[in-house]
Amino acid sequence: MDIIKSVTEMQQRAVSARTAGQTISFVPTMGFLHQGHLSLLEEGRRRGDLLVLSIFVNPTQFGPGEDLDVYPRDLEQDSQLAQQADVDIIFAPDAKDIYPPGYATYVNVEGISEPLCGSSRPGHFRGICTVVSKLFNIIQPQVAIFGNKDFQQLAVIKRMTLDMNLPVEILGLPIFREADGLAMSSRNVYLTQDQRKQALVLSQSLATAKELVGAGELDCAAIIAQLKKNIAQQPDARIDYVQICHQLTLEDQIRVDADSVLLLAVFIGKTRLIDNSHLVTFCEITNND
Ligand code: PAF
């Protein structure tokens, strides 16, 4: 496994691999790898001759006052995990090489990047789309693999890829959870023991919503009101958003249907956690028919 920091060297390796007829699979991350990332790498290994993992804490997707400076980093541990996952190349550039002096070009997706995280984190998706399109140009993958936990991120990247005719297949894989249900996230390390328990309110809210839907409650406002009440019972919880949206447009829905996704962003103390789930499974729809 090689660790490449230079943009030019990475691009040359990608061109050589392509010329040799190899398929490049790509897992973009900000490092501090967990099981969720490893599941993406496992799929990446299956899908590519050359598996590239990027580790880059991208400054342009963090807003002022957010956790850029304290975001957890551990390249040594990540390298060991990547080696075990049979990664061929870790691409770990410096910010000054991705955004050199005079840098002036940004990619902005309209519409679906505006609600939810886009509204509470202005500029977040502009930063993500900019770095992901740059990484695609540097690494030249045929397939790029993302986690479904960042549901809106995945939707925005799919939109960008389609709109810009980028020749990359975008694959989203299921959320990886701890045994007690907490969605895996590099940010979970910020939680104290007590906050870690309170954080379960996110995955429990998804379960509660599905139970309500299963019992026949299809009114989005009623479901959201119940969830907000439950979340507010946690002393360190502060709701950013609880919304039920159409899975493709991310527009708010009035009644739950087969396209409904519940999306949550909740601060537990200072840590902002997100989670999501579809509310109606294929089985439930066919059973109701
Ligand atoms: O999901 C992430 O870790 C980041 O947003 C990504 C896609 C690597 C872009 O910096």
Inside segment 172-202, the number of residues satisfying the requirement of being of a type in the set (Val, Ile, Thr), under 14 Å from the mean Cα position of the chain (by Cα) and more than 14 Å from the ligand (Cβ to nearest atom) is 0
Tell me, yes or no, whether segment 124-143 has at least one residue that is within 12 Å of the ligand (Cβ to nearest atom) and part of a loop (DSSP other than H, G, I, E, B). no
Tell me the helices (runs of 4 or more DSSP H) entirely within segment 17-104 that contain at least 1 residues that are buried (at least 19 other Cβ atoms within 10 Å of the Cβ) and not hydroxyl-bearing (Ser, Thr, Tyr). 35-47, 75-84
Please enumerate the residues belonging to segment 197-213 that are out of contact with any Asp or Glu (no Cβ under 7 Å at 6 or more places or on another chain), part of a helix (DSSP H, G or I) and either small (Gly, Ala, Ser) or touching a residue at least 24 places away in the same chain (Cβ under 8 Å) (or both). VAL201, GLN204, SER205, ALA207, ALA209, LYS210, VAL213
Looking only at segment 160-171, count how many residues are within 14 Å of the ligand (Cβ to nearest atom) and in a helix (DSSP H, G or I). 2
Residue check, ILE223 touching a helix residue (DSSP H, G or I) at 6+ places or on another chain (Cβ under 6 Å), modelled with pLDDT of 95 or more and more than 19 Å from GLU114 (Cβ to Cβ): yes
I need every pair where a residue in segment 70-94 that is closer than 17 Å to ARG13 by Cβ and in contact (Cβ under 8 Å) with a residue 40 or more places away in the chain has its Cβ under 8 Å from the Cβ of a residue that is charged (D, E, K, R) and buried (at least 19 other Cβ atoms within 10 Å of the Cβ), sequence separation at least 6 or different chains. ILE89/ARG13; ILE90/ASP78
Qualifying residue in segment 79-91 (condition: more than 23 Å from ARG177 (Cα to Cα) and among the charged types (D, E, K, R)): yes
Determine whether segment 3-25 contains at least one residue that is touching a helix residue (DSSP H, G or I) at 6+ places or on another chain (Cβ under 9 Å), within 13 Å of the ligand (Cβ to nearest atom), within 23 Å of VAL156 (Cβ to Cβ) and not aliphatic (A, V, I, L, M). no
Among the numbered criteria (1) small (Gly, Ala, Ser); (2) surrounded by 19 or more Cβ atoms within 10 Å (Cβ to Cβ); (3) assigned to a loop (DSSP other than H, G, I, E, B), which one does ALA258 miss? (2)
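The values are calculated or read from the model by the stated rules, or taken from the named source; none is laboratory data. Quick caveat: nothing in here was measured; it's all calculated off a predicted structure. Here Cβ is always computed from backbone atoms with ideal geometry, including for glycine, and neighbour counts include all displayed protein chains.
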